[in-house]
Amino acid sequence: MTMTNSSFTLILGGARSGKSSHAERLAAEAGDAVLYVATAQAWDDEMRERITRHRADRPHTWQTVEAPTGVAVAIAEALTQQPAGRPLTVLLDCLTLLASNVIIALPESCTEAEATAALMAEIAPLEQLIRQTAHGLTPVRWLVVSNEVGLGLVPPYKLGRLYRDALGRANQQLAAAADRVLFLVAGLPMVVK
């Protein structure tokens, strides 16, 4: 799949569906400079190990920005450091962990509306930045990875339901704004939009 200049692709799928690998392959195939935006936080030993493995697996030529929240600000700052006119692919991996980072910081008493509003407040500047780069002189290709969490069972606890609902709404909003939406199943991409 060839990507056009200043495009926005949302890549959805379940856990271990191949979303991140596919996004990384698209980024590598574009031949652009790559800005990899990682949202994971090392909460425990398993996550520390995963983060270490992911860092080692990425090409050394890719610039990495670690931003568990405030991704738009972190990306905008990194964009100012890029050479003018050189095509760039921004790969955000992933919205799923970004949503977790935003929602876990909320008080236990928060409502669904408050959780959704908090995540949308994180997403809105990202959408604005994507729109701004579409009109810039330097071509920017956006790849945003997110889990489709609404296909399984209803979570048995409140925080899980808040998370699922807020992420589902964020995915819908980004899908509406995206030029292209892919859904990964067993490592195979299906074009949704």
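At-a-glance table
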{"quantity": "Top-ranked residue of segment 126-158 - restricted to ones that are closer than 22 Å to residue 85 by Cα and of a type in the set (Lys, Arg), ranked as surrounded by the fewest Cβ atoms within 10 Å (Cβ to Cβ)", "calculated": "131"}
{"quantity": "Sole exception among (1) touching a residue at least 12 places away in the same chain (Cβ under 8 Å); (2) out of contact with any Ser or Thr (no Cβ under 6 Å at 6 or more places or on another chain) for residue 32, by number", "calculated": "(2)"}
{"quantity": "Count of segment 90-112 residues which are over 17 Å from residue 54 (Cβ atoms), in contact with a strand residue (DSSP E or B) (Cβ under 9 Å, 6 or more places away or on another chain) and outside any helix (DSSP H, G or I)", "calculated": "0"}
{"quantity": "Residue in segment 114-125 that is outside any strand (DSSP E or B), surrounded by 14 or more Cβ atoms within 10 Å (Cβ to Cβ) and modelled with pLDDT under 95 present", "calculated": "no"}
{"quantity": "So residue 161, is it closer than 28 Å to residue 6 by Cα, touching a residue at least 24 places away in the same chain (Cβ under 8 Å) and charged (D, E, K, R)", "calculated": "no"}
{"quantity": "Selection count where residues are acidic (Asp, Glu) and over 22 Å from the mean Cα position of the chain (by Cα), scope segment 103-123", "calculated": "1"}
{"quantity": "Any hit, segment 75-83, residues being free of Cβ contacts under 8 Å to residues at least 40 places away in the same chain, closer than 22 Å to residue 167 by Cβ and charged (D, E, K, R)", "calculated": "no"}
{"quantity": "Filter pass, residue 37 being of a type in the set (A, V, I, L, M), surrounded by 19 or more Cβ atoms within 10 Å (Cβ to Cβ) and touching a Phe, Trp or Tyr at 6+ places or on another chain (Cβ under 8 Å)", "calculated": "no"}
{"quantity": "Criterion (in contact with a helix residue (DSSP H, G or I) (Cβ under 6 Å, 6 or more places away or on another chain), among the hydrophobic types (A, V, I, L, M, F, W, C) and within 20 Å of residue 101 (Cβ to Cβ)) met by exactly one of 74, 42", "calculated": "42"}
{"quantity": "Candidates 53, 48, filtered to the one that is loosely packed, with under 11 Cβ neighbours inside 10 Å and of a type in the set (Lys, Arg)", "calculated": "53"}
{"quantity": "Some residue of segment 19-36 being among the polar types (S, T, N, Q) and within 12 Å of residue 93 (Cβ to Cβ)", "calculated": "yes"}
{"quantity": "Residue identified as surrounded by fewer than 13 Cβ atoms within 10 Å (Cβ to Cβ), touching a helix residue (DSSP H, G or I) at 6+ places or on another chain (Cβ under 9 Å), more than 15 Å from residue 129 (Cβ to Cβ) and not small (Gly, Ala, Ser) among 68, 59, 83", "calculated": "59"}
{"quantity": "Residue within segment 53-66 that is of a type in the set (D, E, K, R) and within 19 Å of residue 138 (Cα to Cα) present", "calculated": "no"}
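The values are calculated or read from the model by the stated rules, or taken from the named source; none is laboratory data. Note that the coordinates shown come from a computational prediction; the quantities given were computed from them, not determined experimentally. For neighbour counting, all protein chains shown are included, and Cβ atoms are generated from backbone atoms with ideal geometry for every residue, glycine included.
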